[in-house]
1. Within segment 63-85, take every residue that is open to solvent by 20 Å² or more (accessible area, probe 1.4 Å) and out of contact with any Gly (no Cβ under 9 Å at 6 or more places or on another chain) and give me the one that is nearest to GLY119 (Cα to Cα).
2. Looking at (1) without any contact (Cβ under 8 Å) to a residue 40 or more places away in the chain; (2) buried (at least 23 other Cβ atoms within 10 Å of the Cβ), find the lone condition where THR239 falls short.
3. One residue is enough: does segment 96-107 have a residue meeting the conditions acidic (Asp, Glu) and open to solvent by less than 10 Å² (accessible area, probe 1.4 Å)?
4. From the set of residues in segment 1-18 that are in a helix (DSSP H, G or I) and open to solvent by 80 Å² or more (accessible area, probe 1.4 Å), which is nearest to SER246 (Cα to Cα)?
5. Could you tell me whether any residue of segment 50-60 is assigned to a helix (DSSP H, G or I), of a type in the set (Gly, Ala, Ser) and within 23 Å of ALA223 (Cβ to Cβ)?
6. Checking the structure you have, find out if any residue of segment 225-245 is over 21 Å from LEU81 (Cβ atoms) and not in a helix (DSSP H, G or I).
7. Among the numbered criteria (1) within 22 Å of TYR249 (Cβ to Cβ); (2) outside any helix (DSSP H, G or I), which single criterion is violated by ASN208?
Amino acid sequence: MGMSQDNLRGFILALLSSVFIGASFIIKKKGLRRAAAVSGVRAGYGGYAYLLEPLWWLGMVTMIVGEVANFVAYAFAPAILVTPLGALSIIVSAILAHFMLKEKLHQLGVLGCIMCISGSVIIVIHAPQESPITSVQEIWAMATQPAFLLYLGSVIVLVVLLILYFAPRCGHTNVLVFTGICSLMGSLSVMSVKALGTALKLTFEGKNQLVYLETWFFMFIVATCVIIQMNYLNKALDTFNTAVVSPIYYVMFTSLTIIASVIMFKDWDGQNTGSIISELCGFIAVLCGTILLNSAKDFDRGSSFRGEHAPLSPTLSTGLFSGNRETLKHDEENELLPDDICLRKQEPY
C-alpha cells in the first residue's frame with residue numbers, strides 16, 4: 001500500500017518527535033534528581049524545586065520541540081499512524097538511561113528495540129488514509145457524536161476518581177495511578193491536538209478557522225490536558241524507575257489514543273480486514289517490545305545485585321500490583337549516585 005504525501009510528512013515528523021521526547025525523559029529526570037538533592041523534597045511528594053533547575057527546563061524545552069513536531073504530525077497523518085511511533089522514544093530513552101542514569105540495559109533489550117521498530121514499520125505500511133476535512137466544524141460534529149461523548153464521560157470519571165481517591169492512598173506505591181491519569185488525559189489531548197492542528201493547517205491554506213469558537217475550545221482543552229499530564233508525569237518519573245514508567249505510559253497512552261481515534265475519527269472505516277489485522281499485529285509487536293525492554297532492565301538489576309545465577313528481580317507485574325514499594329526502591333538505589341541514595345533514604349516509607 002502506497003503512502004500519501006501527507007502520511008509521509010506525518011511519519012517523518014513523528015520520528016523526529018520521538019527522538020526529542022525520548023531524550024527529554026532523561027534530561028528531566030536528571031534535573032529532578034538534582035533539584036531534590038538541593039531542596040530535600042522530591043516532586044513525587046509535592047516538591048516544586050525543579051522549577052528552579054536549569055537542567056529540568058532544558059528537558060522541558062526538548063520535550064516541547066518534540067511535542068511541536070508531534071503536533072504538526074497529527075495535522076498530516078491519522079493518530080493510528082503517529083501515536084504508535086512513540087515507541088521509538090522508548091528506545092531513545094532506554095539507550096540514554098543506560099549511559100546517563102546508570103540504568104543498565106541488558107542485551108535482551110536489543111530484541112525489544114527490534115520488535116518496536118518492526119511493529120512500527122508494519123503500522124506505517126498499513127496505516128489508513130484519512131478522509132479530507134474541510135472545516136473544524138466537521139471535527140466538532142465527530143467530537144459530539146454519542147459514541148465519543150460516552151468515551152469522554154468515562155475518561156473524566158476515571159481521572160477524577162484516580163486524582164481524588166487513589167492518588168492520595170496508593171499513588172506512590174502503584175505506578176498505574178500516576179501513569180493512568182497521564183494516559184487518560186493524553187488520549188483527550190491527542191484528539192484535541194489533531195483538531196487544532198487540522199484547523200491551523202486549513203487556516204494556513206487560506207480557509208480561516210480561527211473565526212470559529214470550536215477552534216478556541218479545542219485549544220483550551222489541549223492546554224488543560226497538557227498541564228495535568230505534565231504534573232502527573234513528573235510525579236511518576238520522580239517516584240518510579242524510568243524503566244517502569246516509560247513502557248507503561250507508552251502502552252496505556254497509545255492504546256487509549258487509538259481507541260479514542262477509532263471512535264472519533266473512524267480511522268478503520270473503509271479499510272479491509274487484512275489491513276486492520278496487520279495494524280493490530282504491528283501494535284502488539286510494539287507492546288511486546290516495550291515489555292522486553294523493561295524485562296531486560298529487570299534481568300540486569302537482578303543478576304548484578306544478587307549474583308550471576310540468582311533469581312531475577314521482581315517483574316513488571318510485581319511492580320504494578322504490589323502494595324509494597326520497598327523492592328522497587330531497593331533496586332533503584334543500587335543504580336543511583338551516592339547523593340541520590342542518601343536522599344532516597346530520607347524518604348518516608
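The values are calculated or read from the model by the stated rules, or taken from the named source; none is laboratory data. Keep in mind that what you see is a predicted model, and the values were worked out from it rather than measured. So basically every Cβ, Gly included, is an ideal-geometry build from the backbone, and we count neighbours across all protein chains shown. Note: areas computed on protein heavy atoms with side chains; ligands, DNA, RNA excluded. Shrake-Rupley method; radii C 1.70, N 1.55, O 1.52, S 1.80 Å.
1. Within segment 63-85, the subset open to solvent by 20 Å² or more (accessible area, probe 1.4 Å) is 64-65, 67-68, 70-72, 76.
Now restrict to residues that are out of contact with any Gly (no Cβ under 9 Å at 6 or more places or on another chain): 64-65, 67-68.
Working: ILE64: 26, VAL65: 25, GLU67: 22, VAL68: 24 Å.
In this case the residue turns out to be GLU67.
2. Against the list (1) without any contact (Cβ under 8 Å) to a residue 40 or more places away in the chain; (2) buried (at least 23 other Cβ atoms within 10 Å of the Cβ), THR239 comes up short only on (1).
3. Step one: list which residues in segment 96-107 are acidic (Asp, Glu), which gives 103.
Then drop every residue that is not open to solvent by less than 10 Å² (accessible area, probe 1.4 Å), which leaves 103.
Yes - at least one qualifying residue is present in segment 96-107.
4. Kept after step one, since they are in a helix (DSSP H, G or I), are these residues of segment 1-18: 5-18.
Then drop every residue that is not open to solvent by 80 Å² or more (accessible area, probe 1.4 Å), which leaves 5, 9, 12, 16.
Values: GLN5: 31, ARG9: 26, ILE12: 22, LEU16: 18 Å.
If we take residues in segment 1-18 being in a helix (DSSP H, G or I) and open to solvent by 80 Å² or more (accessible area, probe 1.4 Å), then LEU16 is nearest to SER246 (Cα to Cα).
5. Taking every residue of segment 50-60 in turn, at least one turns out to be assigned to a helix (DSSP H, G or I), of a type in the set (Gly, Ala, Ser) and within 23 Å of ALA223 (Cβ to Cβ).
6. Yes, segment 225-245 has at least one match.
7. ASN208 satisfies every listed condition except (1).
Quick grid of which residues meet (1) of a type outside the set (Val, Ile, Thr); (2) open to solvent by less than 30 Å² (accessible area, probe 1.4 Å); (3) farther than 14 Å from ILE133 by Cα:
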position	(1), (2), (3)
CYS182	yes, yes, yes
MET185	yes, yes, yes
LEU188	yes, yes, yes
THR198	no, yes, no
PHE218	yes, yes, yes
VAL222	no, yes, yes
